[in-house]
Every structure is written in C-alpha cells, then in structure tokens.
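Bear in mind that the values in this text are calculations on the coordinates, not laboratory data. Values in this document were obtained by computation on a predicted structure and should not be read as measured data. Here Cβ is always computed from backbone atoms with ideal geometry, including for glycine, and neighbour counts include all displayed protein chains.
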C-alpha cells in the first residue's frame, strides 16, 4: 500500500475531536419543509426483453427488486425501467402510452415485484413536458425500531441519447434531491443554512450543508460542506456539525480547540500542497511540479467516463509533455496491478498515485465524483476546478500552451 501524507494539518483530527460535545453545549436548529431541486438522474425505458436481461444481472445486488407480475392491460408501446430508488430498494417501473395520448406509470412502490397491486399513475402535461409528483413514506429499522420518513420526487418523461447510441430513447428523469432551510444562532451571529439530501435522507457522507457565513443572502457552493467534513470554523471557534438523518435538525457542537480551516479550492488560489509516493514507490510533492502546467486527474479503472477519457488524455499528454505539461493521476482503489496494466495498455506514462476510499489527497481536494480534474498553472495556482471529460478538457489544456 502506498503511503500518503498531506501538508494540511486540518485533515487529520486528533481523538479529542472525535465526538460531539455534551448535550448542554449543543446548538440546535430546526428546518423548514423540504423543497425539490432541479437536479435529476435519468433512467432509460427499455423493451421488456432487454429489461429482463439487465434485471437478471442486477438481481444479484441487494435491494434490487425485479418485476415478477405486470399489468394485463399493457399496450405494445409499454417500456420497462428501474432505478426508482428510495428506502433501500431499487424499484422497477413501466411506462405505457405516447406523446399524443399521454403516459401512465406503473411503479413498484411497495417493492414486492408485483405491479398488479400498485395503482397506475398518470403523467400530467405542463409546459410541454409530462411529469408527476410522487409523495410517499419510506421506512427503515434503526436500533431495532421502525422509522418512517417522507419521500418526495418529481418524475418526468424525456427523450435522451444513451451512451454508445445515436438515437434518442424515451427515459424517465427522477428528481429526488431536496433542500431544507433553517436559521441557527451562534453567539450574536444569525446564520442561514440549508441541508440537501436525496430520497428523504440527509446525512449520507456526500450530502451537503450550506452556511451563509458572509451574510450575503446566498447559499453558494463555496460555503457548502459535505457531511463527511464534520467541522466548520465560525468566528474564532471550531464546531462539529451533525445533520439529522431525515433533515429535521442541524446541530453544532463547539470544540475546545481551534482547528485550521479547510483548503481553499477556488480558481486563482494556490493549489493545496500534498506529498505522495507513486506506484513505483518514488516520493513526490505537488510543489515539485511548479513551472509546469499540471492536471490533477482523480479517476478509477472502475469508472466508465474515466476509462473513456483515457485515450484522449494520453494523446494530449504526449502532444504537450515536451512543452511543460504534466498529469498526476490519483486513482481511487488500491489494486496496483490493475492500475499498472491499464495505464500501460493505454500509454498513460505520467505519474500515478493510488489511494483508498478515505485517501488524504481525495479528502484535501474534497473529491465526490469521478473523474474530477484540477488544472494548475505554472505558478501553482488553480486555473480550473470544474472541468468535465470531453473536448472542453482538451481545449482548456491546449489553451495554456497557445502563444499569447
């Protein structure tokens, strides 16, 4: 296993910060009712035969419930899908109808595989789009007790082009990200905040808390914290925050000692320093690469978009390397043999590091999705923190080497 160390002390908390302080020191704020955000996941509608083939593979996964009984009155246009997920179950569904007559949804809301005991739901046409609002209650068992909590989703008919295809297909957009706002009093400071969650849950590691710390009336991404980050500085105090699982409350517990703030990742700021050993056990520091344009590539061999981007990155690297372009690949997953094989086959001859799920560099750069890229200039400042795979990534890299 490779050994990593990060120059930012704040990323390693000592044991005295491991728990929320006692109840009488906690600050607690309640939230308003949830509202849906315009952030959707897309599930494609498939012919029954294709659905059955994929469902047979997915049935090995915990929580996936395939359709065992379907409605008798389905027409020949009926299409099947899955990924209607909440309450620990991945539910399947059927859409029947067309643009002219409208659409019906048969969804396995009780997660038993039998659509004969679920009522059909009718999509309504609003501003040229068919959609419906789904409000239900999910249950889970925590500490031996059954807990019920509300789930709200918007389902919308769309047509989209799936990966590897050229023709659009009917699909279901599922809007399940919700936000609950609130206000918390910290000393003399009144702070507006918001919790974001999905499928009725708000305390998973990548769910977020937004604090309006600069009191500008905005809850921006730069003021947001993933649940796993745990700590926030307000004034000269450090607090550990705790999000209620169902988003009903936010709690802040003051710590006895101030903790340095997290790294700044904004464009124009110095990229946070880190040290690491590559897959050949050679030690490096990010600052060793000052004077070159550097792409930090957080990726994985298990990540479809990462794999698809690899040949393009390799072509760009070999085109610009002699001009001062470097890549540091930071792989999530500790299978060194697989990384060696993949990088060799795809001519990815740049520096590679490997980290586990809670790796220090991933935490320092607050990585929540793969691939994620940070482009760093010759002076060590961040040039871009929001690049996505595709032509825009290549163009942004090439732009740094154009004569000005």
As a footprinting exposure proxy, order 309, 188 by other Cβ within 10 Å, with the fewest listed first.
188, 309
At a threshold of 8 angstrom on Cα-Cα distance, excluding pairs fewer than six apart, so keeping six or more, what relative contact order does the stretch 274-399 reach in percent?
33
Provide the FRET efficiency to the nearest 0.05 for the residue 60-residue 165 pair, computing r from the beta carbons and using R0 = 30 Å.
0.75
Suppose a student asked you for the relative contact order of the chain, using Cα pairs under 8 Å spaced at least 6 residues apart; what percent would you report?
16
Over the stretch 207-286, calculate the relative contact order: mean separation of alpha carbon pairs under 8 Å at least 6 apart, over the residue count, as a percent.
16
Where does each of 234, 142, 54 land when they are ranked from fewest to most other beta-carbon atoms within 10 angstrom?
142, 54, 234
With R₀ set to 35 angstrom, the calculated FRET efficiency between the beta-carbons of residue 125 and residue 218, to the nearest 0.05, is 0.55
Taking every DSSP bridge whose two residues both lie in the stretch 274-399, the antiparallel percent to the nearest 5 is 50
Percent of beta bridges antiparallel (DSSP, the stretch 45-175, rounded to nearest 5):
95
Taking the Cβ-Cβ separation of residue 358 and residue 73 as r and a Förster radius of 45 Å, what is the calculated FRET efficiency to the nearest 0.05?
0.35
Proxy exposure order for 228, 370 (fewest C-beta within 10 Å first) is 228, 370
Checked against the structure, the computed mean projected area of the Cα convex hull in nm² among [x] 21.8; [y] 24.4; [z] 18.4 is the one labelled [y]
Restricting to DSSP H runs of at least four residues, report the calculated mean residue ellipticity at 222 nm for the chain, -39500 (n - 2.57) per run over all residues, nearest 500 deg cm²/dmol.
-4000 deg cm²/dmol
Between residue 114 and residue 226, 0.36 nm times their residue separation minus their Cα-Cα distance comes to what?
36.6 nm
Chain lengthening between residue 141 and residue 341 when straightened (0.36 nm per residue, less Cα-Cα):
67.7 nm
